[in-house]
Amino acid sequence: MVLLKMKFPFQKRVRLAQGLWLLSWVAMFSGAITFAMGVFLKTELHRRSEVMHSMDIHIVPNLLMAVGLASVGINICAGKVCQDSLDPSRFPRWKTFLPPFFCFSVFLTSLLLVAMILSFALQPSLEESLKIGLKNGISFYKDTDTPGRCFQKETIDRLQIEFQCCGNTNYRDWFEVQWISNRYLDFTSKEVKDRVRSNVDGRYLLDGVPFSCCNPASPRPCIQYSLRDNSVHYNYEYQTEELNLYSRGCRQALVSYYMGLMNTIGPCVLFDFLLQMAILVSLRYLQTAMEGVIGQENVEIETEGYILEKGVKETLLETKEKVKRLLQLAQVGDASSTTPGTQPEEEKPATA
Amino acid sequence: MLLSCYVFPHQSARVLELHLLSSPSFLHHGDTHVMDNTDIHCVPNTLMIVGLASMGINYFASRICQDALDPGRFPRWKTFLKPYFGCSVFFTTLMLISVILSYAMKGSLETSLKIGLKNGIRFYKDTDTPGRCFQKQTIDHLQMEFQCCGNNDYKDWFEVQWISNRYLDFSSKEVKDCIKSNVDGRYLVDGVPFSCCNPSSPRPCIQYKITNNTAHYNYDHQTEELNIFIRGCREALVNYYMGLMNTIGAVVLSVFLLQSSVLASVRLLQTSMEAVAGQENVEIETEGYLLEKGVKETFMEYVDPVLKLLLLNQVTPPEAKPEAGATGTTTTTS
């Protein structure tokens with residue numbers, strides 16, 4: 001039972017080959033663009049890698065880059081096949097190459113869909129990774145004298161300024177950690193001693209935030225310290241004050257940013273996927289139509305093209321048999337190079 | 001030479017792109033609020049005009065080249081070429097002038113920024129005054145982005161009241177003392193806005209009582225370097241724009257050289273083709289030259305028609321005609 005048979009007169013074949021050749025160039029550029037988008041996404045993720053705990057999300061840009069490069073190669077081959085298909089004497093040399101080429105291309109093209117699905121599926125993982133990374137960043141904010149952590153302060157400050165966010169979930173995260181280093185605290189002063197004593201761990205906690213949380217859009221100069229104390233500042237009420245600091249948390253800001261990036265890249269990747277599948281289907285039709293021409297004297301006869309010679313299930317079984325035979329040959333080849341007496345024992349695991 | 005005819009239109013298109021991308025978008029970065037006058041805008045405006053013009057010039061140059069190989073089609077360009085060369089030379093010299101201008105106007109840019117920033121700092125507190133309400137946000141964003149503080153340096157903030165009276169408690173002793181110590185009754189502090197804070201500092205930012213060493217533990221304001229940005233915003237902005245113009249200047253100079261060589265080549269092609277026109281054998285050897293007469297005479301040739309046009313527009317009475325002729329000759333010889 002042939003799958004999706006179509007008739008191909010000579011003119012239709014020629015037009016298919018020419019159209020496919022043009023389309024393969026378009027798809028080549030599309031593949032290059034996919035690669036470029038993968039590179040861009042990877043650099044953006046890498047820039048903020050200091051506040052990310054795990055690198056799981058990097059699989060999305062890696063897949064995009066790999067498939068982008070591979071599709072450039074696939075489309076160059078497709079273009080060459082099209083060029084040769086119009087010349088019946090040159091076409092037969094592609095005979096052995098094409099079936100594995102199709103399997104390989106279909107596999108790689110489906111990876112594009114996988115990448116798109118992953119970009120949505122990995123969102124919770126990204127969020128978790130950012131949660132832990134930002135928590136560490138805020139905890140180590142004060143450790144500018146500890147090697148390995150000395151850049152956390154600058155990273156967090158620049159992050160909060162650029163993404164207009166404060167803290168992990170919101171600005172109150174800063175109230176729970178000591179973000180002022182002991183080096184800059186006067187332990188002889190009463191205020192410092194009171195604060196340190198009021199705390200179980202002996203940490204200097206205050207209801208204040210770093211300057212990078214300040215919102216430039218606020219009409220009044222920034223209030224960073226004693227945020228919960230209305231009496232310290234004139235004409236200030238912390239419950240109604242909205243513009244003084246950034247209200248968003250950095251985790252939400254970063255997740256929104258990356259999801260926005262992936263939502264922009266998504267349609268382009270989908271377009272590339274559809275284009276590539278169209279090319280592969282058309283190429284398959286061209287190949288099968290040309291196979292009818294080979295050996296004939298009159299090259300302008302009408303031939304039939306199809307996607308699969310037998311049905312889907314039968315084709316799968318056939319390929320499974322072929323692969324099995326290949327594996328058996330490989331194993332038998334190894335056995336015959338040692339001793340012929342071990343041959344029956346070698347065949348037993350192959351049939352199992 | 002034919003290949004160059006096809007390459008140059010693409011070159012000029014790219015140049016135009018560069019001009020459009022670089023010039024006005026950077027100047028209108030919101031920094032126009034901190035510029036007092038917009039004289040410097042003549043540089044990107046000139047570049048845009050020249051870029052557009054050079055696209056047209058090179059398009060026609062390529063068409064001329066295409067027709068040059070066909071002696072039957074070449075003569076139709078005859079009347080077009082003289083004004084074409086005049087315009088092209090004018091626009092190409094304009095390119096050179098714009099590069100010179102970009103360096104010559106540095107002083108004007110600096111003065112403009114000085115006045116603009118001074119106003120910005122003065123009106124920082126006026127977030128409730130229409131027309132000035134965005135100064136605070138502009139100055140804050142500027143200081144954070146260019147990593148600078150104040151006009152010349154951070155001390156400019158000590159001389160203006162940048163905290164609005166709306167947020168000052170006039171019943172408190174501290175505020176009253178501060179205002180009384182000042183002739184104009186302004187609330188001056190030795191503090192800076194948060195946007196002056198340097199994220200690279202190892203310690204949390206010290207914004208207020210900057211010159212008071214005792215107010216902060218382990219702090220010496222004379223040796224403290226990383227706490228706030230040391231650079232002034234005027235210097236930062238001038239460096240930024242000069243850097244831009246240096247890059248653009250180099251590119252524009254190379255485009256100028258390219259364009260001049262295109263024009264010279266087209267001129268040589270035109271003059272050598274003129275000898276071929278009318279001949280039976282088109283494969284003869286001909287001479288090409290840049291100018292038929294000397295530079296001064298050629299310049300007079302171009303300027304005379306323009307002057308005659310201008311003089312004709314001034315209506316002359318019939319008896320004054322010989323005088324007009326006399327003045328015409330005197331202007332050409334002056």
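The values are calculated or read from the model by the stated rules, or taken from the named source; none is laboratory data. The shown structure was predicted, so the numbers you read here are calculated from the model rather than taken from an experiment. Counting neighbours? That spans all protein chains shown, and the Cβs are built from the backbone with ideal geometry, glycine included. These accessible areas exclude ligands, DNA and RNA; they are computed on the full protein's heavy atoms, side chains included. Shrake-Rupley method; radii C 1.70, N 1.55, O 1.52, S 1.80 Å.
Each row is one residue, and each column tells you yes or no for (1) in contact (Cβ under 8 Å) with a residue 24 or more places away in the chain; (2) hydroxyl-bearing (S, T, Y); (3) open to solvent by less than 80 Å² (accessible area, probe 1.4 Å).
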site	(1), (2), (3)
B:D67	no, no, yes
B:P71	yes, no, yes
B:G86	yes, no, yes
B:F90	no, no, no
B:K106	yes, no, no
B:L113	yes, no, yes
B:R122	yes, no, no
B:T127	yes, yes, yes
B:Q135	yes, no, yes
Residue satisfying condition, being more than 10 Å from chain B (Cβ to nearest Cβ) and either modelled with pLDDT of 95 or more or in a helix (DSSP H, G or I) (or both), within set A:L254, A:L227
A:L254
Identify the residue in segment A:245-279 that is among the hydroxyl-bearing types (S, T, Y) and in contact (Cβ under 8 Å) with a residue 24 or more places away in the chain and, among all such residues, is most open to solvent (accessible area, probe 1.4 Å).
A:S247
Restricting the search to segment B:146-171, which residues are open to solvent by 30 Å² or more (accessible area, probe 1.4 Å), modelled with pLDDT under 95 and within 13 Å of chain A (Cβ to nearest Cβ)?
B:N165, B:R166, B:Y167, B:D169, B:F170, B:S171
Subset of segment A:41-72, residues part of a helix (DSSP H, G or I), open to solvent by 30 Å² or more (accessible area, probe 1.4 Å) and under 24 Å from A:R158 (Cβ atoms), comes to A:K42, A:T43, A:H46, A:R47, A:S49, A:E50
Would you be able to tell me the number of residues in segment A:165-185 that are more than 11 Å from chain B (Cβ to nearest Cβ) and over 15 Å from A:F140 (Cβ atoms)?
7
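To keep it simple, each residue is scored yes or no on (1) within 30 Å of A:E318 (Cβ to Cβ); (2) open to solvent by less than 70 Å² (accessible area, probe 1.4 Å).
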residue: A:S110; (1), (2): yes, yes
residue: A:R149; (1), (2): no, no
residue: A:I156; (1), (2): no, yes
residue: A:Q164; (1), (2): no, no
residue: A:N170; (1), (2): no, yes
residue: A:R203; (1), (2): no, no
Of these, B:V266, B:V282, which one is out of contact with any strand residue (DSSP E or B) (no Cβ under 6 Å at 6 or more places or on another chain), part of a loop (DSSP other than H, G, I, E, B) and touching a residue at least 24 places away in the same chain (Cβ under 8 Å)?
B:V282
Of everything in segment B:188-212, what is more than 11 Å from chain A (Cβ to nearest Cβ) and open to solvent by 20 Å² or more (accessible area, probe 1.4 Å)? Give them in sequence order.
B:L188, B:D190, B:K209, B:T211, B:N212
Go through segment B:174-187 and report how many residues are open to solvent by 40 Å² or more (accessible area, probe 1.4 Å) and either under 24 Å from B:I206 (Cβ atoms) or not in a loop (DSSP other than H, G, I, E, B) (or both).
6
Checking the conditions here, which among A:L283, A:L317, A:L261 is more than 14 Å from every other protein chain (Cβ to nearest Cβ), closer than 22 Å to A:N75 by Cβ and either part of a helix (DSSP H, G or I) or of a type outside the set (S, T, Y) (or both)?
A:L283
Go through segment B:217-255 and report how many residues are within 30 Å of A:N182 (Cα to Cα) and crowded, with 19+ Cβ neighbours inside 10 Å.
3
Out of A:L159, A:L206, A:L113, which single residue is of a type in the set (A, V, I, L, M) and over 25 Å from the mean Cα position of the chain (by Cα)?
A:L206
Among the residues of segment B:110-133 satisfying the criterion of being assigned to a loop (DSSP other than H, G, I, E, B) and more than 16 Å from B:Q161 (Cα to Cα), which is nearest to the other protein chains (Cβ to nearest Cβ)?
B:P130
Criterion first (out of contact with any Asp or Glu (no Cβ under 8 Å at 6 or more places or on another chain) and surrounded by fewer than 16 Cβ atoms within 10 Å (Cβ to Cβ)) does A:G38 satisfy it?
no
Please tell me if A:T188 is of a type outside the set (G, A, S) and either buried (at least 18 other Cβ atoms within 10 Å of the Cβ) or within 10 Å of chain B (Cβ to nearest Cβ) (or both).
yes
Residue pairs within 7 Å by beta carbon, gap of at least six or interchain, first lying in segment A:185-204 and farther than 18 Å from B:P204 by Cβ, second open to solvent by 70 Å² or more (accessible area, probe 1.4 Å), listed first then second, are A:K193/A:F187
When every residue in segment A:1-35 that is farther than 14 Å from A:A70 by Cα and in contact with a Gly (Cβ under 6 Å, 6 or more places away or on another chain) is compared, the one surrounded by the most Cβ atoms within 10 Å (Cβ to Cβ) is A:F8
In segment B:260-307, the residues that are surrounded by fewer than 13 Cβ atoms within 10 Å (Cβ to Cβ) and basic (K, R)
B:K293, B:K296
